[in-house]
Amino acid sequence: MWRFAFRHRQLILASSAISGATYLAYHYENETRESKLVKCEVGSINSQLADTLPPREHHVNSVKSKELDMLIIGGGATGAGCTLDAVSRGLSVAVVEKFDFSSGTSSKSTKLIHGGVRYLQKAVFNLDYAQYKMVKEALSERANLLEIAPHLAYKLPIMLPIYKYWQVPYFWAGLKMYDLVAGFKNLQMSYIISKKRALEVFPMLKGDNLKAALVYHDGQQEDSRMCLSLIMTAVRLGAHALNYTEVIDLIHREEDGKQVLCGARVRDKVSNEEYEIKAKCVINASGAYTDNIRQMADSSIKPICQPSSGTHIVLPSYYSSEQMGLLDPNTSDGRVIFFLPWQGATVAGTTDTKCELTDNPSPTEEEVQFILGEIKGYLNDDVKGKSTKTSFLS
């Protein structure tokens, strides 16, 4: 077999090159076609945008007076995305939010737009095609978001420090696979840098036993502004958006002997008025409150959502590079921790801990100390609790 391969190596290489070129050409043609379609659709939508945003009273009176095609419960990233998608397709739609738009998880994320290096690792090791598809789709959406909202989303290099020689080829292969899965939508190819260069870029990094570092690229976004931009764009297209409007019950009507969901009863937390919003379809995009809304529709159903908290801490800017983030791929409990520059500060996190559902969660001292402890393993300076500017939960 090996003798055959050696004798026919030119034929094999040529065949591989042709196959690879055909694959890349096919995907390039498809992605170029998709890009042109997206630009065409965006141009069409831009021509429909209203110049001004109507006042709150307009939205309240409108949702009271007519049956909508769709009511969306939850004004976070998911609800905002659903609202814009629906109204851009010509549907009459309203979105209601118990607090302010993007006041929950959607403003307290790690600020990354990524396919998930760890998910790709699981896909390969577990031969999990569903995980692979999720990573590929996320990488495609990452590229799309950076293209359509460059003022809110941008490329961020992330460094992975390596302290054992055997990890160099291991992580290098993993990041090259990450690049390959992204295809033509890859932001920039990953690369390796020397110990000296790594310490120049990240002066606070511990140099003891550092062998080298790998750099790959993901997206970073201004999460809260992104969510608000989606809401405002949807409103300019004709959607109705009501913050501080709490769903207190779901309403039904009888149809062919069955109870059919047809809207919600809400309380305006600004005026304390209660009223009904009728809709042909109701979408539950309430995040951690998913089961609360589901049980309004049917009190007998079992919960499907386990609330969990993700703690981030905010440190002074000198703890990180201004141009590059840092990834700890192997924490003491098997999770990953990001260490990222963010608006003149450094964001480090996150944890993932089961918790009780509350409107205003706060980080525990144990979670904060866990993150600080992991950070100490990488930084020269002794990071203490007093160094923490603030912390938040996602």
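The values are calculated or read from the model by the stated rules, or taken from the named source; none is laboratory data. Note that the coordinates shown come from a computational prediction; the quantities given were computed from them, not determined experimentally. Glycine gets a Cβ as well: all are built from the backbone with ideal geometry, and neighbour counts include every protein chain shown. In case anyone asks, the SASA skips ligands and DNA or RNA and just uses the protein heavy atoms, side chains included. Shrake-Rupley method; radii C 1.70, N 1.55, O 1.52, S 1.80 Å.
Quick notes on this one:
- Area accessible to solvent at M232, 1.4 Å probe radius, in Å²: 100
- Pairwise label distance in nanometres, L180 with R335, each label 7 Å out on the Cα-Cβ vector: 3.1
- Debye intensity ratio I(q)/I(0), log10, the stretch 125-237, q values 0.14, 0.24 Å⁻¹ (C-alpha model): -0.73, -1.24
- The ellipsoid that matches the Cα gyration tensor of the stretch 197-284 has semi-axes, each √(5λ) in whole angstrom, of 51, 17, 14, with the longest given first.
- Extension gain (nm, one decimal) between I304 and E57, 0.36 nm per residue minus Cα-Cα: 85.3 nm
- Over 25 Å (Cα to Cα) - which of K111/K195; K136/K302; K195/K376; K108/K280; K64/K108; K98/K354 fall in this group: K111/K195; K136/K302; K108/K280; K64/K108
- Global form of the stretch 72-198, assessed from the alpha-carbon gyration tensor, a/c cut-off 1.5: prolate
- Simple spin-label estimate for N380 and L357 in nanometres, 7 Å along Cα-Cβ: 4.9
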